[in-house]
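> Take this structure, written in structure tokens, and hold onto it; I'll ask about it next.
The values are calculated or read from the model by the stated rules, or taken from the named source; none is laboratory data. Predicted model, so just to flag it, every value in this text is computed and none were measured. Counting neighbours? That spans all protein chains shown, and the Cβs are built from the backbone with ideal geometry, glycine included. The protein model used for the area step is the full one, side chains on, heavy atoms only, and it has no ligands, DNA or RNA in it. Shrake-Rupley method; radii C 1.70, N 1.55, O 1.52, S 1.80 Å.
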Amino acid sequence: MGNPVLVEVLRGNVVESRHRGAIAVFEADGGKVMSLGDVDRPVFPRSAVKAIQALPFVESGAADAFGFGNREIALACASHSGEPEHAALAIAMVERAGLGSDAFECGAHWSSEQHVLIAQARDLVEPTAAHNNCSGKHAGFLCTCAHLGHDPQGYVALGHPAQDAVKAAMEAVTGAAHETDLCGTDGCSIPTYAVPLKALAHGFARMATGTGFAPERAKAAKRIFAACMAEPFYVAGSGRADTLMMEAGKGRIFTKTGAEGVFCAAIPERGIGIALKCDDGTTRAAEVMVAEVLAQLLDGDALAETLRDMARPVLTNRRGFEVGSLRPSEALVVRAD
């Protein structure tokens, strides 16, 4: 049996499209809070796990050695929009470590923010790797290499010390073995491993609480989450879902999108982690899913109403007329056990 329909797209009052998916919500001790669909099937988490991938950057002492604060740590966890502030900070980070922007091995692409893209196309010959949405994460890798004395060349490759450290952190936090036969290459060229949603949700609950972590790891995880919640623009960008949800949360919720309809999140005060995937890879449907789940988990709180509104966005046409909306399906509104 396939995963349930979790999001509906309406044109007028008629359902035009449906999105299936799976959602896992777990506590730090491994207790299940909520499960919908197949949460045991391995999925590539893509950029949704950048906060875990940033652990070596903080734990190694690299962030402190180069005097980095919340913005730099948030950018190391980012899938940013390639806005000027993002690119400038990524370059400043590697320069602080004595490296140049030519050290990035993530590839280049234009900004995902339309007005910024237009300005870039007008002013630049071509975009640079600093504009890549993953440049902050790569800046973290490069700074960690510089701090530990590793050769930064080839830092994206399977078997490089930078990626060995990331793999070790991911396995330790999620409890899931990162097997070679479940390894692919992410859009920014680093290895990515398919992991069950329930393991990802459990891992994010542990990141939020430090449960089962050594003191230094617990401290690093808390610092990473705090930085992202304090500087959500540097995690995402103008008008992005992660920015809007964490701004609304004011330090109470952590969220992080990933490619192909993956989302991870946490509610630190509740010790809860969330991981989900929209089967067809649609980001806007995954955004509805995570906002609705967060709203349900915070039911009765003023923040829940804000999140519930985010889970029901209005669709407009090119003239600005309202033509439809997205909404959580009945299967999502009436939660599974």
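> For the range 5-328, just the Cα set please: Rg and Dmax, both in angstrom.
Expressed in Å, the Cα Rg and Dmax of the range 5-328 come to 18.9, 60.
> Comparing H150, H86, H19, which has the greatest mean-square fluctuation in the GNM of the chain with Cα pairs linked when under 10 Å apart?
Most flexible of the set in this elastic network: H150.
> Figure the gain on full extension for E322 and D102 (residue separation times 0.36 nm, minus the Cα-Cα span) and round it to one decimal in nm. Mind showing how you got there, number by number?
Working: separation 220, 0.36 × 220 = 79.20 nm, distance 4.54 nm.
Additional length available on full extension: 74.7 nm.
> Can you tell me the orientation of helix 135-148 relative to the chain, as the angle in degrees between its alpha-carbon axis and the longest Cα principal axis, to the nearest 10?
40 degrees
> Cut-off 10 angstrom, C-alpha nodes, Gaussian network model of the chain. Which of E126, E171, E105 fluctuates the most?
E126
> Another question about this same structure. In deg cm²/dmol, rounded to 500, what helix-only [θ] at 222 nm does the chain give when every DSSP H run of at least 4 residues adds -39500 (n - 2.57) and the total is split over its residues?
Helix-only estimate at 222 nm: -12000 deg cm²/dmol.
> Next question, about the same structure. So which aspartates and glutamates can K198 reach, going by Cα to Cα under 14 Å and dropping same-chain residues fewer than 8 places off?
By straight Cα distance, K198 reaches E27, D29, D38, D40, E171, D337.
> Here's something else I'd like to know. Compute all pairwise cysteine Cβ distances in the chain, then list the cysteines with no distance under 4.7 Å to another cysteine.
Among the cysteines of the chain, those whose Cβ sits 4.7 Å or more from every other are C77, C143, C145, C183, C228, C264, C278.
> How far is helix 283-297 tilted, in degrees, relative to the longest principal axis of the Cα atoms in the chain, given as a value from 0 to 90 rounded to the nearest 10?
The answer is roughly 70 degrees.
> Now for a different question. On the accessible surface of the range 5-328, probed at 1.4 Å, how many percent belong to carbon and sulfur atoms? Walk me through the intermediate numbers first.
On the way: 6360 of 12880 Å².
Result for the range 5-328: 49 percent of the exposed heavy-atom area is carbon or sulfur.
> Something else: How much accessible area per residue does the chain have, in Å², with a 1.4 Å probe? Don't skip to the answer; put the middle values down first.
Details: 13840 Å² over 337 residues.
For the chain, the solvent-accessible area averages 41 Å² per residue.
> Between helix 114-123 and the chain, what is the angle of the helix's C-alpha long axis to the longest principal axis, kept within 0 to 90° and rounded to the nearest 10?
30 degrees
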